[in-house]
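First the structure, in the form of structure tokens, and then the observations on it.
The values are calculated or read from the model by the stated rules, or taken from the named source; none is laboratory data. Just so you know, these numbers come straight off a predicted model, no measurement behind them. Methodologically, a virtual Cβ is constructed for each residue, glycine included, from the backbone with ideal geometry; neighbour enumeration extends over all protein chains shown. For accessibility, only protein heavy atoms count, side chains too; no ligands or nucleic acids. Shrake-Rupley method; radii C 1.70, N 1.55, O 1.52, S 1.80 Å.
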Amino acid sequence: MTFINNLKQLFGLGAPPTETKLVHEPTPTPVASKPVPAPSGMPSTPKQREKIIRFVVEKLSAYSSETEALPTGLVLWIRCDDAADKDRMDVALYASQPGHFQQELSRHLADHYIRLAPDWRFSWRFVPDELPASCTYQWGNLGLEVVRPSIEKPLQVRIRALTGQTVEASYLLDPTTQTEFRVGRGQMVQTASGRVRTNDIAFIDADEPGFDAMRGEPNLSVSRQHATIRYDADKRRYCLMADAGGLPANGNKTKILRTNDTIERADLPGVGYVLTPGDQIELGGEAKLLLELV
């Protein structure tokens, strides 16, 4: 401002200067901070869901080649420390959408060729302390109980000779009394190691009482330690294993004549060949046994 203007203002001859208005900035509204969740031993919901699926798939990998006695259900046991952990697990398992988690789990099992029974069931339960002993598998706070089909009683079959002469007209294989049945020539024979072997299904030897030269001629092709029939309780079936005397290396053969007219050679030591009612077991190329349901 010049000196003349100041002088005019002093004697009231000039316009007063324009006042400068102060602009007050509005006070910002404080943003409420989000509450920090309390620390927990469990991962977030998606990670927990992935953990459960990975646990089940890994533990059930043994069922990828199963075709019989498939599991009928799965029970997931979860150890939780408090109610918050249970709530998070309910969300991870789609508790509000019944059946949704089982459908998702089914897809993962199918991707890994893991088979369960067509109408298998899935459920989960919480425990505050230790996982129950019924859990087939455990991993951290997770336990998996595999429900197998109930079997009322073991499978019984009967063995009888089609060609050859055996001590008994037929033999009942009853797994409630024993699960291994030795087959060979002679009832009591001595092995190469000096042990005495008892044949449960015995072809009469030429020097034993009751031997008929005509009926018993095929017996001479049977080894004294020819084979063993073993019962598999888990799969409810019988398997044939060729013993040392029934292997080609020792001059003998063991075959299974199937009901569909196919032939399977049981010539690998230590390998169990599944038997089905109606199958015939050929020993040494001459003697034959028939497996029948009781």
Only one of SER106, SER65, SER61 is under 19 Å from LYS47 (Cα atoms) and among the hydroxyl-bearing types (Ser, Thr, Tyr); which?
SER106
Residues of segment 113-123 that turn out to be more than 15 Å from VAL75 (Cα to Cα), in contact (Cβ under 8 Å) with a residue 24 or more places away in the chain and open to solvent by 40 Å² or more (accessible area, probe 1.4 Å), as a count:
2
Go through segment 129-140 and give me each residue that's surrounded by fewer than 15 Cβ atoms within 10 Å (Cβ to Cβ) and more than 16 Å from the chain's Cα centre (by Cα).
ASP129, GLU130, PRO132, ALA133, GLY140
Any hit, segment 103-112, residues being touching a Phe, Trp or Tyr at 6+ places or on another chain (Cβ under 9 Å), open to solvent by less than 50 Å² (accessible area, probe 1.4 Å), touching a residue at least 40 places away in the same chain (Cβ under 8 Å) and assigned to a loop (DSSP other than H, G, I, E, B)
no
Can you name every residue in segment 155-172 that is touching a residue at least 24 places away in the same chain (Cβ under 8 Å), within 19 Å of ILE204 (Cα to Cα) and assigned to a strand (DSSP E or B)?
ARG158, ILE159, ARG160, ALA161, LEU162, THR163, THR166, TYR171, LEU172
Criterion first (open to solvent by less than 50 Å² (accessible area, probe 1.4 Å), within 19 Å of the chain's Cα centre (by Cα) and either under 30 Å from MET214 (Cα atoms) or not β-branched (Val, Ile, Thr) (or both)) does GLY143 satisfy it?
yes
Residue check, PHE126 touching a residue at least 24 places away in the same chain (Cβ under 8 Å), more than 17 Å from the chain's Cα centre (by Cα) and assigned to a strand (DSSP E or B)
yes
Here's a check for you: in segment 193-205, which residue that is without any contact (Cβ under 8 Å) to a residue 12 or more places away in the chain and in a loop (DSSP other than H, G, I, E, B) is most open to solvent (accessible area, probe 1.4 Å)?
ARG195
Considering only segment 43-84, how many residues are among the basic types (Lys, Arg) and either open to solvent by less than 60 Å² (accessible area, probe 1.4 Å) or outside any helix (DSSP H, G or I) (or both)?
3
For segment 183-192, give me the residue count where each residue is in a strand (DSSP E or B) and open to solvent by 90 Å² or more (accessible area, probe 1.4 Å).
2
Got a number for residues in segment 249-294 being polar (S, T, N, Q) and more than 23 Å from GLU217 (Cα to Cα)?
4
Hits in segment 273-294 (condition: without any contact (Cβ under 8 Å) to a residue 60 or more places away in the chain and touching a Ser or Thr at 6+ places or on another chain (Cβ under 9 Å))
TYR273, THR276, GLY278, ASP279, GLU282
Can you tell me which residue is nearest to ARG148 (Cα to Cα) among those in segment 91-102 that are in contact with a helix residue (DSSP H, G or I) (Cβ under 6 Å, 6 or more places away or on another chain) and open to solvent by 40 Å² or more (accessible area, probe 1.4 Å)?
TYR94
Might you check whether a residue that is basic (Lys, Arg), under 20 Å from PRO175 (Cβ atoms) and either at pLDDT 95 or above or open to solvent by less than 30 Å² (accessible area, probe 1.4 Å) (or both) occurs anywhere in segment 221-241?
yes
